[in-house]
Structures are given as structure tokens and as C-alpha cells.
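Each value in this text was obtained by applying a stated rule to the coordinates, not by laboratory testing. Being a predicted model, the structure only gives us computed values, none of them experimental. A quick note on method: Cβ atoms are made from the backbone with ideal geometry, for glycine too, and the neighbour counts reach across all protein chains shown.
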Amino acid sequence: MVGLSLFSAGTTRADEVLSQTGDTTAGAAFGAGTGVLIGGAVGGPLGALIGAGLGLLGGREVQTASGLEERAYTVRSNTGEEQVVRSPREEFAIGQQVSVKGRRLHAVTP
């Protein structure tokens, strides 16, 4: 009996995938960078700031409209904390047990 309770105390629960969302980080970064350059050339420092903001929004929209939106997942940790983690290459199912290592998800094998 004591052995079983010690065994269960040593095991940790994996994180769980709650939902899948779209990720447009790449489009936003490209749009903001392009906006800074164009806005800066046209309107100086203030133009660079305005260009970055408009480029960020535009880059996200272009990435979504072109169908190049990547995957991100809302994950609940074993402590109950929820976070959004990008996973552009791997696909996970809702409810799947995963582990978060750095800024990426990895499948947990039973």
C-alpha cells in the first residue's frame, strides 16, 4: 500500500491541449519590419512607428488570407495554468497529453 502511494506521488501529470488557434506571428513580424522601413523612408521616425503598426496588422491579415496561418495550441499545465504555445510543424488533438519544452509542444508517450 505504501509502495503504491509513493509511486503515485512520484508521477507527474502531463499538460493537456485545450484548443487549437491560429498563429500569425511570422506575418506580423514581416509586416512590422516592412512597415518600419517604408514608413521611415516616407515620414521619418514618426512614419516608422505608424508604418510598423500598420504593417503588423496588415501582415497578420495577409498571412491569414493567404492560408499560411500556422498552428498554436492553448495548453493547461498540471498546475492549472493556461498558455498558448506555437507548434507550426506538429499537429495535436484536443485533450491530448503533451509536454511543453521551451516554446514548443512535444507528445507524451504513455
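How high is the FRET efficiency from T79 to A26, r the C-beta distance, R0 30 Å, rounded to 0.05?
Taking R0 as 30 Å, the efficiency between T79 and A26 is 0.50.
As a check on your grasp of the helix formula, calculate [θ] at 222 nm for the chain: sum -39500 (n - 2.57) over DSSP H runs of n ≥ 4, divide by the residue count, round to the nearest 500.
-16000 deg cm²/dmol, from helical runs alone.
For the chain, give the magnitude of the charge dipole about the Cα centre (Cβ charges: +1 Lys/Arg, -1 Asp/Glu; no others), in debye to the nearest 20.
Roughly 220 debye, rounded to the nearest 20.
R0 = 22 Å: FRET efficiency of E91 with L18, Cβ-based, nearest 0.05?
Result of the calculation: an efficiency of 0.90.
If Lys and Arg each add +1 and Asp and Glu each add -1, what is the summed charge of the other residues whose beta carbon sits under 15 Å from the beta carbon of Q63?
Here the charged neighbours net out to -1.
On a full-extension model of 0.36 nm per residue, what is the gain between T64 and L46, subtracting their alpha-carbon distance, rounded to one decimal in nm?
Fully extending the segment from T64 to L46 adds 3.7 nm.
To two decimal places, what compactness ratio does the chain give when its Cα radius of gyration is scaled by 2.2 N^0.38 Å?
1.55
Which trypsin sites (Lys or Arg not before Pro) in region 12-110 pass both tests, a DSSP loop state and at most 16 other beta-carbon atoms within 10 Å?
Answer by residue number: R13, R89, R103.
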